[in-house]
1. Check region 518-538 and report whether any residue there is in contact with a helix residue (DSSP H, G or I) (Cβ under 7 Å, 6 or more places away or on another chain) and modelled with pLDDT under 90.
2. Hey, can you tell me all the residues within region 467-492 that are in contact (Cβ under 8 Å) with a residue 24 or more places away in the chain, out of contact with any Lys or Arg (no Cβ under 7 Å at 6 or more places or on another chain) and among the aliphatic types (A, V, I, L, M)?
3. Are there any pairs, at least 6 apart or on different chains, whose C-beta atoms fall under 9 Å, with the first in region 28-40 and under 18 Å from F123 (Cα atoms) and the second outside any helix (DSSP H, G or I) and among the polar types (S, T, N, Q), and if so, which?
4. Residues to consider are I288, I292, I280, I245; find the one that is in the same structural domain as A613 (by TED's automatic domain parsing), buried (at least 20 other Cβ atoms within 10 Å of the Cβ) and modelled with pLDDT under 90.
5. Going through L226, L238 one at a time, which residue ends up being within 32 Å of the chain's Cα centre (by Cα), aliphatic (A, V, I, L, M), in the same structural domain as T371 (by TED's automatic domain parsing) and farther than 30 Å from G338 by Cβ?
6. Say we look at region 273-314 and pick out the residues that are of a type outside the set (A, V, I, L, M) and within 21 Å of the chain's Cα centre (by Cα); which of these is farthest from W600 (Cα to Cα)?
7. Which pairs do you get when a residue that is not assigned by TED's automatic domain parsing to the domain that holds D253, found in region 302-326, comes within reach of a residue that is buried (at least 19 other Cβ atoms within 10 Å of the Cβ) and of a type in the set (K, R), reach meaning Cβ atoms under 6 angstrom, with the pair 6+ apart or on two chains?
8. So for region 191-209 (the condition being crowded, with 17+ Cβ neighbours inside 10 Å, under 18 Å from the mean Cα position of the chain (by Cα) and in contact (Cβ under 8 Å) with a residue 60 or more places away in the chain), does at least one residue qualify?
Amino acid sequence: MSAHRTVPVDTNRMPPGIPYIVSNEAAERFSYYGMRTILVVFMAKYLWLLDGKGGTAMSNTQATEHYHTFSLVVYFTPLFGALLSDIVLGKYRTIIWLSIVYCMGHAALACMGMHGNSGWWLFAGLALICIGSGGIKPCVSAHVGDQFGAKNTHLLTKIYNWFYFSINFGSFVSTLLTPWLLEWYGPHWAFGVPGVLMALATLMFWMGRNKFVHIPPAGLKFFDELFSRDGLVAIAKLVPLFVFIAAFWALYDQTGSSWVFQAAQMDLNFLGVTWLESQIQAVNPILILSFIPLFTFVIYPVVGKVFKLTPLRKIGIGFVLMVISFGLTALIQQWIDGGAKPSIGWQFLAYILITASEIMVSIVGLEFAYTQAPKTMKSMIMSLYLLSVALGNFFTAGLNHYIQIPSAATVQLEEQIGKMPKEWRDQPRTVEIAGYDKTTGTADDFEAKMDSGAVAELKIPGQETYQSAAKLIEGLARAQDHKLPAEDKVPDLGKDPWGQPIRYKIVDATSFQVISNGPEGKSDNQWNQGLLVTVAKPAPPKQKSWLDSIQPAKTWLEQRKEALGIAQAKAATETTYEAAAFSGGQTKLEGAAYFRFFTWLMLATTVLYIPFAIIYRPKTYLQTEADDADRFTLPPGEP
């Protein structure tokens, strides 16, 4: 028989185990969000350098796909953690054992580049974090609710707000710290510090073991309630809601991917601070810390005097705010696509909107899911709620995979490298790559200069024609103080070797493409080719900061490239235009069109959600001591 309390304390005050849960959550969220904040930037800029200079940098779209695939798995594994908790181990033991697995994942990430293939270390670390973090997610939030009984149920909303407060406090600190550690001290420190915090979180949770209510696992009785009328009805009612919320997460989690890459194209000087692109994510948790009391004590009571603010209505309003937020990012990207470099302050405004949306969808949805779950199915319903996050990230990852266009030159080159003797591959050499006709020695061949197994320079057929087009655009830009001309304001750029017109396309404020459909004559495929031209302007004088005394003279990337003998561009004293040839490698949905797609997706979701919210009737279940008093139904009313 368990030595721990198995029913809530009979009190109208806060349960004694709550401080341990809240402090554990703050440390655990520091570790998770610290790692996740830098993940997409690490994959795009750092990973390829850990095993030497023979690697190839990951594209932004590839990094976005992998980032959302990781998020997908993290939020899919809660299903298994919930089953393990509700049937076999109970919530406390599930959390403590999987927290150890979680710590092992952070240790694996910190070891990247020390021994063996860094890509495999990254895969192993993220896989262990998916098992650990994902497995405990439904248990922790349900474990909070288990501490409350009939007399202190009125405190449940308050504690879920404080629970979310602790999440965002840990997130805020780590989102500022880990990008700085990555920039100046490298991935070992940036991933190692969150690992230490995860170990601390595990220790704090263990220290509260004698204070918690330990609801015993239901064993096979779990299936009795799962397949009971109440269980099936609860799931059937909640699953549509979770599908709607999945669309919210498909957009929201892009604050860690597409929003980061957008920030890198903006003016990062704001409020007297020069931000790193991934540090902008810190705006979200600091706003959460401010918005929770604002919404709880001001906005909800004031609006409640005008009309009834039910949980489902709050979620609907949150959806509308998400539409506006992503609409703003689409507008920002449209400015960037037009050659402007807007202030990062505009993205701060988008963060205000998306954070308000999060308050009304995520917090409310979490509490609502718990209250709608039958007593022995709390973790299971929590896992289904978290599956909505997985579903949203599945959609975003899948879309980013679909829109990627492979490079014809890279595909052909990989086939040829596979046929080379191993001792040849890492030696500097020039390789002739078969073109569209798949035969070398013809006019459509590519030429690649190789160094340490990687392409140092690519030459495409008819490159001189593209260079002439790029020079024309450069002349127009120089005539207007290096501002790129509008796409519809350039003259005819000529044709490629196959008679296809060469087009001018702005990528952002400091880069453009001259591109054609190539030998196949179709747009958006691997045979499209051209030049990517980057406008390198002199860097503004570096502002002095108190951080100068504790950070190295050079960033970790600069030091790493020096150690590997990789040539680095010297600081520009005048504006230059640097061109690099490409064949394919672009995406089917780029720039503002990408953000507009998600804006329309969220708008359609909001419209479909309205009739669901109108017909839904809530039924609430809470943990109490008596079996016959453990559930009640809310009086009929508006959703």
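The values are calculated or read from the model by the stated rules, or taken from the named source; none is laboratory data. Just so it is clear, the model here is predicted, and its values are computed rather than measured. Counting neighbours? That spans all protein chains shown, and the Cβs are built from the backbone with ideal geometry, glycine included.
1. Within region 518-538, not a single residue is in contact with a helix residue (DSSP H, G or I) (Cβ under 7 Å, 6 or more places away or on another chain) and modelled with pLDDT under 90.
2. Within region 467-492, A469, A470, I473, L484, A486 meet the criteria.
3. L39/S257; V40/S257
4. Working: I292 fails: buried (at least 20 other Cβ atoms within 10 Å of the Cβ); I280 fails: modelled with pLDDT under 90; I245 fails: modelled with pLDDT under 90.
Step by step, each of I288, I292, I280, I245 is checked, and only I288 is in the same structural domain as A613 (by TED's automatic domain parsing), buried (at least 20 other Cβ atoms within 10 Å of the Cβ) and modelled with pLDDT under 90.
5. Details: L226 fails: within 32 Å of the chain's Cα centre (by Cα).
Step by step, each of L226, L238 is checked, and only L238 is within 32 Å of the chain's Cα centre (by Cα), aliphatic (A, V, I, L, M), in the same structural domain as T371 (by TED's automatic domain parsing) and farther than 30 Å from G338 by Cβ.
6. Keep residues of region 273-314 that are of a type outside the set (A, V, I, L, M), which gives 274-275, 277-279, 281, 284-285, 290-291, 293, 295-297, 300-301, 304-305, 307-308, 310-311, 313-314.
Pick out the ones that are also within 21 Å of the chain's Cα centre (by Cα) and you get 275, 277-279, 281, 284-285.
Working: W275: 30, E277: 26, S278: 26, Q279: 28, Q281: 24, N284: 23, P285: 26 Å.
Result: W275.
7. Close Cβ pairs satisfying both conditions: none exist.
8. yes
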